[in-house]
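The values are calculated or read from the model by the stated rules, or taken from the named source; none is laboratory data. Keep in mind the model is a prediction, meaning the values are calculated, not measured. As a convention, Cβ positions derive from the backbone with ideal geometry for all residues, glycine included, and neighbour counts pool all protein chains shown. Heavy atoms of the whole protein, side chains included, go into the accessibility calculation; ligands, DNA and RNA do not. Shrake-Rupley method; radii C 1.70, N 1.55, O 1.52, S 1.80 Å.
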Amino acid sequence: MDFALSESQLMIRRMVSDFAGKELAPIAAELDRESRFPHAILEKMAGLDLFALPFSEDYGGTGDGYVAYVLAVEEISKACASTGITYAAHCSLGTNPVYLFGTEEQKLKWVTPCAKGEMLSAFGLTEPDAGSDAGGTKTTAVLDGDQWVINGTKCFITNATYAGMVIITAVTEPGQGTRGISSFIVPTDTPGFSVTAPYEKLGLKASDTAEIIMEDVCIPADYLLGKRGEGFKQFMQVLDGGRISIGALSVGIAQAALEAALNYARERRQFGRPLSKFQAIQFKLADMATRTELARLAVHRAAWLKDQGQTFTRESAMAKLFASETAVAAALEAIQIFGGYGYTREYPVERYLRDAKLMEIGEGTSEIQRLVIARQLGC
Ligand code: CAA
């Protein structure tokens, strides 16, 4: 057993940490306050090949793999979770379906610009009446000659406003449940495709989340991804990978909360000594550090399994569940250590809590992760 990261993985982590610390962390509070999408930062991330990490060189990637990618997600999210979710939703949800299930032609056409950071992508699964019950999709796709006609609404879609393509699910075989769902590549400039104004959210305010409306959207027949009726399974597999990146995002937030609380506890003096000298505070910091490290190990293991081509449904659900609950707990404890100051916008810990909460909801709630894990146990 070898827990060591490779030289190139260590180099990528150092590079991203350096970039995020210098260029992203200093503006994260401002992006959050102004709910400003991080266009310029994303351009710089593209210049550093960060969008390319999980994809092979055949399609514009660097071939570094999923472990390298989750290291980058953690470092970006530690500085700014809004940028982290934008990055993760693009790579592991928006681009991955084509990378995993597309034809050679589809991969060259859609994965390549996404891996190069020339186009943003999104993942359209959730609907107003199909959230945790993703199989309850009502969007329809009907084959009419040589094109599909799509009608339906998708909600809570990360990157919807700025994406060049969205991968969506739609019912093609009514009455066949999840086996009647197919997936499609939908270019966002197709007539009939529109996006509503972004949601006003509790956190992740600099990320874009909006509703997609499709009214008689016509796409070529060969924009079907994989085979008819396989869309639900494809999306479940994509979510298995996406949940690892939400785990990494959570670890980034938890690490940021830990470091902020530790620095504050060392500086802030009460009763004649630094807070860090009080056992009550030390125990909080020790618990935060322990949970964050264990969450990181779970995320790395799930990513490693994915890179090895092994099954990882259970491990990704566990990593996402544990890491997201760790991020919320760490942010809450950080606020407690900061006391009254932690409750103000003067310090970043209130943002960490607002951002962390989405980790327990997005890409499958904690309840859905427990359901997935229980099914994997054979319940
Ligand atoms: N890998 C491969 N196949 C899978 C799978 C997986 N991980 N999970 C399920 N399947 C297969 C099953 O084997 C089954 O196959 P058969 O038809 O051959 O038997 C089929 O898929 C149906 O599976 P289930 O019977 O388990 O389906 P279900 O209806 O009970 O749903 C669920 C299972 C786990 C609850 C699923 O609906 C789920 O994950 N829900 C949460 C959805 C979610 O995470 N949504 C967030 C999306 S993020 C987003 O949209 C916004 C954004 O931009 C971030």
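Structure above, values below:
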{"read-out": "Matching residues in region 257-284 - criterion: being touching a Ser or Thr at 6+ places or on another chain (Cβ under 8 Å) and of a type in the set (G, A, S)", "value": "A265"}
{"read-out": "Criterion: over 21 Å from the mean Cα position of the chain (by Cα), among the small types (G, A, S) and at pLDDT 95 or above - qualifying residue of S8, S35", "value": "S8"}
{"read-out": "Meets criteria (among the small types (G, A, S), touching an Asp or Glu at 6+ places or on another chain (Cβ under 6 Å) and open to solvent by less than 30 Å² (accessible area, probe 1.4 Å)) for G231", "value": "no"}
{"read-out": "Condition met for R13 (touching a residue at least 60 places away in the same chain (Cβ under 8 Å), assigned to a helix (DSSP H, G or I) and of a type in the set (D, E, K, R))", "value": "yes"}
{"read-out": "L332 assigned to a helix (DSSP H, G or I), under 17 Å from V251 (Cα atoms) and either away from the ligand (no atom under 16 Å from the Cβ) or open to solvent by 80 Å² or more (accessible area, probe 1.4 Å) (or both)", "value": "yes"}
{"read-out": "R36 vs. criteria touching a Leu at 6+ places or on another chain (Cβ under 7 Å) and among the charged types (D, E, K, R)", "value": "no"}
{"read-out": "Conditions (1) buried (at least 21 other Cβ atoms within 10 Å of the Cβ); (2) not in a helix (DSSP H, G or I); number of the one not met by Y347", "value": "(1)"}
{"read-out": "Selection status of A374, of a type in the set (A, V, I, L, M), open to solvent by less than 50 Å² (accessible area, probe 1.4 Å), under 29 Å from G63 (Cβ atoms) and within 16 Å of the ligand (Cβ to nearest atom)", "value": "no"}
{"read-out": "Cβ pairs under 8 Å, 6+ apart, first in region 141-156 and open to solvent by 10 Å² or more (accessible area, probe 1.4 Å) and of a type in the set (F, W, Y), second assigned to a strand (DSSP E or B) and at pLDDT 95 or above", "value": "F156/T209; F156/E211"}
{"read-out": "Conditions (1) assigned to a loop (DSSP other than H, G, I, E, B); (2) touching a Pro at 6+ places or on another chain (Cβ under 6 Å); (3) of a type in the set (A, V, I, L, M, F, W, C); number of the one not met by A210", "value": "(1)"}
{"read-out": "Odd one out for F101 among (1) among the aromatic types (F, W, Y); (2) open to solvent by 30 Å² or more (accessible area, probe 1.4 Å); (3) touching a Phe, Trp or Tyr at 6+ places or on another chain (Cβ under 9 Å)", "value": "(3)"}
{"read-out": "Residue identified as closer than 21 Å to A79 by Cβ and within 16 Å of the ligand (Cβ to nearest atom) among K306, K357", "value": "K357"}
{"read-out": "Number of the exception - T344 against (1) in contact with a helix residue (DSSP H, G or I) (Cβ under 9 Å, 6 or more places away or on another chain); (2) more than 27 Å from D2 (Cα to Cα); (3) within 14 Å of the ligand (Cβ to nearest atom)", "value": "(3)"}
{"read-out": "Matching entry among T326, T290 (being assigned to a helix (DSSP H, G or I) and either within 16 Å of R243 (Cα to Cα) or within 16 Å of the ligand (Cβ to nearest atom) (or both))", "value": "T326"}
{"read-out": "Test: residue in region 86-94 that is surrounded by fewer than 24 Cβ atoms within 10 Å (Cβ to Cβ) and either in contact with a His (Cβ under 7 Å, 6 or more places away or on another chain) or within 30 Å of P348 (Cβ to Cβ) (or both)", "value": "no"}
{"read-out": "Index of the failed condition, L297 passing every other in (1) part of a helix (DSSP H, G or I); (2) more than 24 Å from A79 (Cβ to Cβ)", "value": "(2)"}
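Quick grid of which residues meet (1) out of contact with any Pro (no Cβ under 6 Å at 6 or more places or on another chain); (2) crowded, with 16+ Cβ neighbours inside 10 Å; (3) in contact (Cβ under 8 Å) with a residue 60 or more places away in the chain:
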position: G241; (1), (2), (3): yes, yes, yes
position: I244; (1), (2), (3): yes, yes, yes
position: A248; (1), (2), (3): yes, yes, yes
position: A256; (1), (2), (3): yes, yes, yes
position: L262; (1), (2), (3): yes, yes, no
position: A265; (1), (2), (3): yes, yes, yes
position: R269; (1), (2), (3): yes, no, no
position: S276; (1), (2), (3): yes, yes, no
